[in-house]
Amino acid sequence: MNLSQTRSFDAIIIGAGAAGLMCAIEAGKRGLRVAVLDHNTIAGAKILISGGGRCNFTNIGTTPNNFISDNSHFARSALSRYTPQDFLALVAKHKIAWHEKTLGQLFCDGSAKQIVKMLLDECAAVGVQIILNCKISDASKADEFRVETSQGAMLTKNVVLATGGLSIPKMGASGFALDLAKKFGLNVVAPKPGLVPLKAAADELEFYTALSGVALPAIAQCGKTKFAESVLFTHRGLSGPAILQISSYLKHQDEIELDFAPARDLVTELKRRRHERPKVEQKTLLGEFVPQRLADSLAAETSLEKIATRLKSWRFKPAETEGYAKAEVMVGGVDTNDLSSKTMEAKHANGLYVIGEAVDVTGWLGGYNFQWAWASGVAAGQGLAQAN
Ligand SMILES: Cc1cc2nc3c(=O)[nH]c(=O)nc-3n(C[C@H](O)[C@H](O)[C@H](O)COP(=O)(O)OP(=O)(O)OC[C@H]3O[C@@H](n4cnc5c(N)ncnc54)[C@H](O)[C@@H]3O)c2cc1C
C-alpha cells in the first residue's frame, strides 16, 4: 500500500449517528481534521425514525438518575457539561420549532429530518468529512490507528467508536463498537434489549391476546423501581411506556407487579358502589375503573374483592422480551470502568474513545438517550487529543 494514498485525519469517528455527529461538530470546531465513517447510505438513520418521526430530542428534566449503568455516577460529568438547554440553544440557532409533549419530553413540531439536517449543516460548517457507505473491516494501532475500510485504509491519531447499540438490526445496528473495544482490551457489560415489549408465557398468551389494544394507566414495579405511565395489552403480551421503562431493569426470571388502579383504594370504592347500586352487574361496576374489555374479561372470574385485589397487584412474569428487533435501546455496553468520564477515552488504550449507546449508559424512555448521545459526543469532541 502506497502511504501517500492513505488518507490521514486527526480523528476518525465510526458511526454517523447522534453521538458521532455531535462529537464531529465539537472536534471540528477545535480545528481538528475529522472524518465520520458509516456503513449506511444515510447519516442519522435512527434519529429519522425516532419519536414517531418527530424525534424526542431531549428531556428537560434530565438527571443522572434517569440512566441505567453499572456505575451510576459515570454519566454525571458529561451530562452536567452539556445540558438539555445547550441542545435547545442549537435547535433555536437552526430555527427548529419544538413542543413539550409530556414529562419534559421535547419533540420537533415538524420532523426528525430537521435534527439530522441541523447536525449535518453544523458538520459542514466546520469542515467535517462524512464518508457513507463505508464498510470497516478492522482497526489496529501502531504509532497511529490504521482503519481498514471499503474505501481504503485511513490513518488517525484518534478513533471514536460511535456505532450505537444492537437494537433494530435491519437498520444496520451492529456490535462493532463492542467487538473493537474488546479487541483493545476493554471490558463489555453483557448487552440485552431495553425499552422493549414483553411476551406473555404460553399458558397466559390467549388471555393477553384477547385484550390486545386495551391501554390504561398503571404503576409498573420491579423490585424498588417503579414507573407510573400507561400499559398496553398486545397480541404477544404487554407494552406501553410503563412496560418499556421497566423492561430495561428486568433480569432473567424477574416478575413485574402492576397496579391498574393507581392512587385508588379499589376494594373499598367498588364495595361502596355495589352497596349504592346492588342491582348493577359486576362488570359494569368494574368498567367504571378500567377499560370495559378488561372488566369483561375479569368479571366472570370470581368475587369483586378478588378482582379488585388482582387489579391492584397484577403479576406478570414475562416469558421473554420481543428482542432487539423491537427494542428501542441496548442496555449494557462498553464498561464505564474502562473509560474516562470526562473525555470518554479508554483508560488503557490512548486515543480510543467510546460514546453514545455503545457505552454502558442507557436512558429511560423520553429523550434521555439522545441527551446522553449529545453529551457524551461533546465530551469526547472536546477531549480528543490534538494531532502533533
Ligand atoms: C425506533 C426508535 C425510536 C427511538 N426514539 C428515541 C427518541 O425519540 N428519543 C431518544 O432519546 N431516543 C430514542 N431512541 C434511542 C436513540 O435513537 C439512540 O439511543 C441513539 O440514536 C443512540 O445514538 P448513537 O449515536 O449512540 O447511535 P446511533 O444513533 O444508532 O448511530 C450509530 C451509527 O453507527 C452506524 N454503524 C453501526 N454499525 C456500524 C459499523 N459496523 N460500521 C459503520 N457504521 C456503523 C449506524 O449506521 C449508525 O448511523 C430510539 C430508538 C429507536 C430504535
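The values are calculated or read from the model by the stated rules, or taken from the named source; none is laboratory data. Because the structure is predicted, anything quoted here is derived from the model rather than measured. Reconstructed Cβ throughout: ideal geometry from the backbone, glycine too, with neighbour counts over all protein chains shown.
Restricting attention to the range 23-40, does a residue exist that is surrounded by fewer than 22 Cβ atoms within 10 Å (Cβ to Cβ), among the hydrophobic types (A, V, I, L, M, F, W, C) and not in a helix (DSSP H, G or I)?
no
One residue is enough: does the range 286-308 have a residue meeting the conditions hydroxyl-bearing (Ser, Thr, Tyr), assigned to a helix (DSSP H, G or I) and not assigned by TED's automatic domain parsing to the domain that holds residue 216? I'd like the intermediate steps shown before the answer.
Of the range 286-308, the ones hydroxyl-bearing (Ser, Thr, Tyr) are 297, 302-303.
In the following step, the residues that additionally are assigned to a helix (DSSP H, G or I) were identified as 297.
This time we only want the ones that are not assigned by TED's automatic domain parsing to the domain that holds residue 216, so: none.
No, the range 286-308 has no match at all.
May I ask you to say which residue of 316, 370 is in contact (Cβ under 8 Å) with a residue 60 or more places away in the chain, within 16 Å of the ligand (Cβ to nearest atom) and of a type in the set (A, V, I, L, M, F, W, C)?
370
Restricting attention to the range 160-212, which residues are of a type in the set (Phe, Trp, Tyr) and within 22 Å of residue 362 (Cα to Cα)?
Across the range 160-212, the qualifying residue is only 176.
Select from the range 318-351 the residues that are among the acidic types (Asp, Glu), assigned to a loop (DSSP other than H, G, I, E, B) and within 30 Å of residue 207 (Cβ to Cβ) and list them in ascending order.
Selection gives 322, 328.
Would the range 352-364 turn up any residue that is part of a loop (DSSP other than H, G, I, E, B), under 29 Å from residue 106 (Cβ atoms) and of a type outside the set (A, V, I, L, M)?
Looking through the range 352-364, at least one residue is part of a loop (DSSP other than H, G, I, E, B), under 29 Å from residue 106 (Cβ atoms) and of a type outside the set (A, V, I, L, M).
Taking residue 13 and the conditions (1) surrounded by fewer than 20 Cβ atoms within 10 Å (Cβ to Cβ); (2) under 15 Å from residue 134 (Cβ atoms), which numbered condition does it fall short on, given that it satisfies the others?
Here residue 13 meets the rest and fails (1).
If you go through the range 150-186 one residue at a time, how many are over 24 Å from the mean Cα position of the chain (by Cα) and either within 9 Å of the ligand (Cβ to nearest atom) or aliphatic (A, V, I, L, M) (or both)?
Total meeting the criteria: 3.
Please enumerate the residues belonging to the range 230-263 that are within 13 Å of residue 217 (Cβ to Cβ) and at pLDDT 95 or above.
We begin by selecting, within the range 230-263, every residue within 13 Å of residue 217 (Cβ to Cβ); these are 230-232, 240-243, 258-263.
Within the range 230-263, 230, 231, 232, 240, 241, 242, 243, 258, 259, 260, 261, 262 meet the criteria.
Just checking, how many residues over the range 319-354 are more than 16 Å from the ligand (Cβ to nearest atom), farther than 30 Å from residue 80 by Cα and of a type in the set (A, V, I, L, M)?
Residues in the range 319-354 being more than 16 Å from the ligand (Cβ to nearest atom), farther than 30 Å from residue 80 by Cα and of a type in the set (A, V, I, L, M): 1 in total.
Table: residues versus (1) surrounded by 15 or more Cβ atoms within 10 Å (Cβ to Cβ); (2) more than 16 Å from residue 322 (Cβ to Cβ); (3) among the charged types (D, E, K, R); (4) touching a residue at least 60 places away in the same chain (Cβ under 8 Å).
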position: 192; (1), (2), (3), (4): yes, no, yes, yes
position: 200; (1), (2), (3), (4): yes, no, no, yes
position: 203; (1), (2), (3), (4): no, yes, yes, no
position: 222; (1), (2), (3), (4): yes, yes, no, no
position: 225; (1), (2), (3), (4): no, yes, no, no
position: 251; (1), (2), (3), (4): no, yes, yes, no
position: 270; (1), (2), (3), (4): yes, yes, no, no
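Which of the residues spanning the range 58-77 are more than 12 Å from the ligand (Cβ to nearest atom), within 16 Å of residue 379 (Cβ to Cβ) and either in contact (Cβ under 8 Å) with a residue 40 or more places away in the chain or part of a strand (DSSP E or B) (or both)?
Scanning the range 58-77 gives 69, 71, 73, 74, 75, 76, 77.
Among the residues of the range 102-121, which ones are in contact with a Lys or Arg (Cβ under 9 Å, 6 or more places away or on another chain) and charged (D, E, K, R)?
109
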